[in-house]
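Here's the structure we're looking at; comments come further down.
The values are calculated or read from the model by the stated rules, or taken from the named source; none is laboratory data. Bear in mind that the values here come from a model prediction, so they are computed numbers and not experimental data. Cβ atoms come from the backbone with ideal geometry, glycine included; neighbour counts cover every protein chain shown.
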Amino acid sequence: MEIFGVVNASPDSLAKFSVVSTEDEAREYGSLLLTQGADHLDVGAQASHGDAAFVAPEQEWQVVEPVLNGLLSLGVDVAIDTWQVETARNALDAGASVLNASDALQSDEMIELAAEREVQVVLPFMLGPDPRHLKHVQGDPVQVMLDWFDLQLERARHWGIRERIVLDPGTGFSPPHWDWSERFEYQKAIYSGLDRLRSFELPVYVPIAWKQTPDRLELVDLVLEQQVEYVRAHIPKQIRERHAALLEGSPLPTSDTWEGYE
């Protein structure tokens, strides 16, 4: 399992400990994530939660450019996490090697960009045009997700990029102000059905929760038990420790929360 360590360039991010704004800060924080077990890095400059401000493409690039440059100086693969094609293009031009397409490649411009570049593409399940405008899933969430991927992967095949797709169940996003108890049950259902994504014969990438509560750590362990190829994590050291314990058959208690990540 490989870990994308999360770096945020958006001041609206709820994970304040992961926010950096300069090239030097990015280099220092990215280096810390790598020493704590990350293999790659992921950076975005626009928060997706309902209370975050909308950031225009020009401003998004202005914010993320120095952070991206700092991360690229570390010599590892860096994913650009954006739903705005202008930001994605600028980041790939600058050296980002993974496109975390948080519009789910739904715009012709984004999928055309993905087709132009020989990069890996993270495709998140999404019912809505972008993470800020999502609808609730109705019915069996796993089946809805599978049906959605069927359609989107056929489109990706048409554009010649299917073999470069990595499947993301989209659980890093949610409709605005969704009650956590309902979101927990939804994510638990999705993670319990991750094995059904194997029918597409593509790698699986899952965004890991960072908030330190027993129910969230229950979800973390459920993901790690699925032996997915990639996770996106704010606290890679914790993920490495929990994963190792699961592999040894001695899972850590979900009460084993870490301080400093509230």
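Checking VAL142 against (1) outside any helix (DSSP H, G or I); (2) more than 26 Å from ASP39 (Cα to Cα); (3) touching a helix residue (DSSP H, G or I) at 6+ places or on another chain (Cβ under 7 Å), which test does it fail?
Evaluating VAL142 over (1) outside any helix (DSSP H, G or I); (2) more than 26 Å from ASP39 (Cα to Cα); (3) touching a helix residue (DSSP H, G or I) at 6+ places or on another chain (Cβ under 7 Å) leaves (1) as the failure.
Taking only the stretch 26-55 into account, find how many residues are aliphatic (A, V, I, L, M), modelled with pLDDT under 95 and in contact with a helix residue (DSSP H, G or I) (Cβ under 9 Å, 6 or more places away or on another chain).
If we filter the stretch 26-55 for residues that are aliphatic (A, V, I, L, M), which is where we start, we get 26, 32-34, 38, 41, 43, 45, 47, 52-53, 55.
Cutting the leftovers down to modelled with pLDDT under 95 gives us 45, 47, 52-53, 55.
Filter again for in contact with a helix residue (DSSP H, G or I) (Cβ under 9 Å, 6 or more places away or on another chain), leaving 45, 55.
Total satisfying the criteria: 2.
Note down all Cβ pairs under 7 Å where the first residue falls in the stretch 186-207 and is of a type in the set (Lys, Arg), the second is buried (at least 16 other Cβ atoms within 10 Å of the Cβ), and they're at least six residues apart or on different chains.
Matching pairs, first to second residue: LYS188/LEU219; LYS188/LEU222; ARG196/VAL142; ARG196/LEU146.
Which residues, counting only those in the stretch 224-250, are loosely packed, with under 15 Cβ neighbours inside 10 Å, part of a loop (DSSP other than H, G, I, E, B) and on the phi < 0 side of the Ramachandran plot?
Listed by number, the residues that qualify are GLU229, GLU248, SER250.
Pick out the one residue from PRO131, PRO124 that is at pLDDT below 95, within 17 Å of ALA79 (Cβ to Cβ) and not polar (S, T, N, Q). Write out each step before concluding.
Values: PRO124 fails: at pLDDT below 95.
Criteria check complete, one pass: PRO131.
Tally time: how many residues in the stretch 1-18 are aliphatic (A, V, I, L, M) and at pLDDT below 95?
So the first thing to find is which residues in the stretch 1-18 are aliphatic (A, V, I, L, M), and the list is 1, 3, 6-7, 9, 14-15.
Checking which are at pLDDT below 95 leaves us with 9, 14-15.
Number satisfying all stated conditions: 3.
Is there any pair with a first residue in the stretch 132-159 that is touching a residue at least 12 places away in the same chain (Cβ under 8 Å) and a second that is among the acidic types (Asp, Glu) whose Cβ atoms are under 8 Å apart and which are 6 or more apart or on different chains, and what are they?
TRP159/GLU112
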